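To start, the structure under review is shown below, and the notes come after it.
The values are calculated or read from the model by the stated rules, or taken from the named source; none is laboratory data. Everything quoted here is computed from the prediction, not taken from an experiment. A quick note on method: Cβ atoms are made from the backbone with ideal geometry, for glycine too, and the neighbour counts reach across all protein chains shown. Note: accessible area is taken over every heavy atom of the protein model, side chains too, but ligands, DNA and RNA are not part of it. Shrake-Rupley method; radii C 1.70, N 1.55, O 1.52, S 1.80 Å.
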Amino acid sequence: MFKKILIANRGEIALRIARCCRELGVPTVAVHSTRDRGSAVVQVADQAVQIGPAPPTRSYLNAAAVLQAAEQSGADAIHPGYGFLSESPDFADACESLGVTLIGPPASVMAELGDKTSARALMTRAGLPLLPGSVHPLSPEAAEELAATIGFPVIVKAAAGGGGRGMQVVHDRDSFLDEYRRTQATAQMLFGDGRVYVEKYLRDARHVEIQVLCDRYGRAVHLGERDCTVQRRHQKLVEETPAPELPVDLTERMGRSAVDGALAAGYVGAGTFEFLVDPDGSYYFMEVNCRIQVEHPVTEMATGIDLVREQIKIAAGEPLAFTQEDIRPRGVAIECRINAEDPARDFAPAPGLVTEFVPPGGPFVRVDSHVHVGYEVPPNYDSLLAKLVVWAPRRDEAIARMLRSLAEFRISGPRLHTTVDFLRQVLDDPRFRTATHTTALVDQLMDRR
């Protein structure tokens, strides 16, 4: 096991990692910006190192500062959480050069899967089904011809993108070239890489992902699926497991596909394979997330497996302690993301001072949060305030428990808006209750509002 783990992140995920390390008996180092000097993880960690001012590019995205903090503190491993440096092959390479273990897949695997075009090519060779689209970058004119051949609508995606950014749905040929070039410019601005690709867009799709764990010895398992269909602007709002109203044989085939893809890639650690499922039951590979996911608690609630703990043990060289047959998810788990956003203003960020924070309680209710009364929600970072997760034996009971928990959740302050009330509307919608919703649900609700 490691001597000391540096947590290269902030917010609820940093606190989540610190708590896991405490249970493992591993000392931790929290890095933080000047804005996060008094944050929850700083209070919990054994050491804290300030790495820069509030802007992420000068702190949490400053690889040199993070590595210097690891060297000075004597940390022999870094847990990157999600976002920031978690999927940076260059950062993974730099860690390896310094003899520090990055808790994640090897840099070469991260590079191949992080590039969406090379990932599509690899998964094609591994036998995973893909939507029609381009495998290699194309000129705007060649991409337009391909889009016309595939049939509109199509979606243009950044090859180096992630987190729901760098995507644009195009509904007709007349607007294709403008949207294609605009997405190229956006990709260059966001990721420093202007390459994009084209893929068929499914209007009435479900978004379902598979959680995998792989050790260093060629063993891999999947831990079931998560339905992430409720989204706004390709950002997830509600996640649940199992995926409702999907045949078990379908999700089992998706699980086997994810394991096949992970083994083909030489994956190590925790990862997520994302798929689209169309109404006829066909499924298509989209991408791989080479990190822990925001929604990992729903899998933990259903399987009883601590995914962060398994990440750390795998990175330390331990083999998987269970087989596929040992993994038996039970019941239904649902997660709602509580964000500092104003749904009335198209989910615009709405940071502010927290003057009231009373999370819900009761049986089988989990709240992952770094927020407290007196916390000033900063405008510099992601708007996530808390993850509310519930479990129940059946889906209708889980929905009722989540609605009760959302009704109890008290979080308010001057200028602060949250998504709590909107989430209640989502869960109470007949389409969600009957699992007939698609990725268009949030837009449909917003249109009605």
- How do the pairs read when you match residues in region 309-323 that are under 14 Å from P105 (Cα atoms) with residues anywhere that are basic (K, R), using Cβ under 6 Å and keeping only pairs 6 or more apart or on different chains? none
- Any residue in region 429-446 that's at pLDDT below 90: show its pairings with residues that are open to solvent by less than 20 Å² (accessible area, probe 1.4 Å) and in a helix (DSSP H, G or I) at Cβ separation under 8 Å, as long as the two are six or more apart or on different chains. M446/P343
- Query: What's the number of the condition E179 fails, among (1) closer than 30 Å to A143 by Cβ; (2) open to solvent by less than 20 Å² (accessible area, probe 1.4 Å); (3) of a type in the set (D, E, K, R)?
  - Reply: (2)
- Task: Mind counting the residues in region 252-308 that are open to solvent by 10 Å² or more (accessible area, probe 1.4 Å), assigned to a strand (DSSP E or B) and in contact with a Pro (Cβ under 8 Å, 6 or more places away or on another chain)?
- Result: 2
- Is there a residue in region 194-215 that is open to solvent by less than 60 Å² (accessible area, probe 1.4 Å) and over 30 Å from H296 (Cα atoms)? yes
- Message: Which condition from (1) of a type in the set (A, V, I, L, M); (2) modelled with pLDDT under 90; (3) part of a strand (DSSP E or B) is the one that V156 breaks?
- Response: (2)
- Every residue from region 57-94 that is over 18 Å from C290 (Cβ atoms), open to solvent by 30 Å² or more (accessible area, probe 1.4 Å) and either part of a strand (DSSP E or B) or not small (G, A, S) (or both): T57, R58, N62, Q68, E71, Q72, D76
- Message: Residues that are surrounded by 14 or more Cβ atoms within 10 Å (Cβ to Cβ) and among the small types (G, A, S), at least 2 per element: which strands (runs of 3 or more DSSP E) completely within region 316-431 meet that?
- Response: 384-392
- Item | Looking only at region 95-108, and only at residues there that are of a type outside the set (D, E) and in a helix (DSSP H, G or I), the one that is surrounded by the fewest Cβ atoms within 10 Å (Cβ to Cβ) | S97
- Item | region 32-55: number of residues that are part of a helix (DSSP H, G or I) and either open to solvent by 30 Å² or more (accessible area, probe 1.4 Å) or more than 22 Å from P351 (Cα to Cα) (or both) | 4
- Going by the structure shown, is S33 among the hydroxyl-bearing types (S, T, Y) and farther than 14 Å from V371 by Cβ? yes
- Item | Sole exception among (1) open to solvent by 20 Å² or more (accessible area, probe 1.4 Å); (2) touching a Lys or Arg at 6+ places or on another chain (Cβ under 7 Å); (3) assigned to a loop (DSSP other than H, G, I, E, B) for H136, by number | (2)
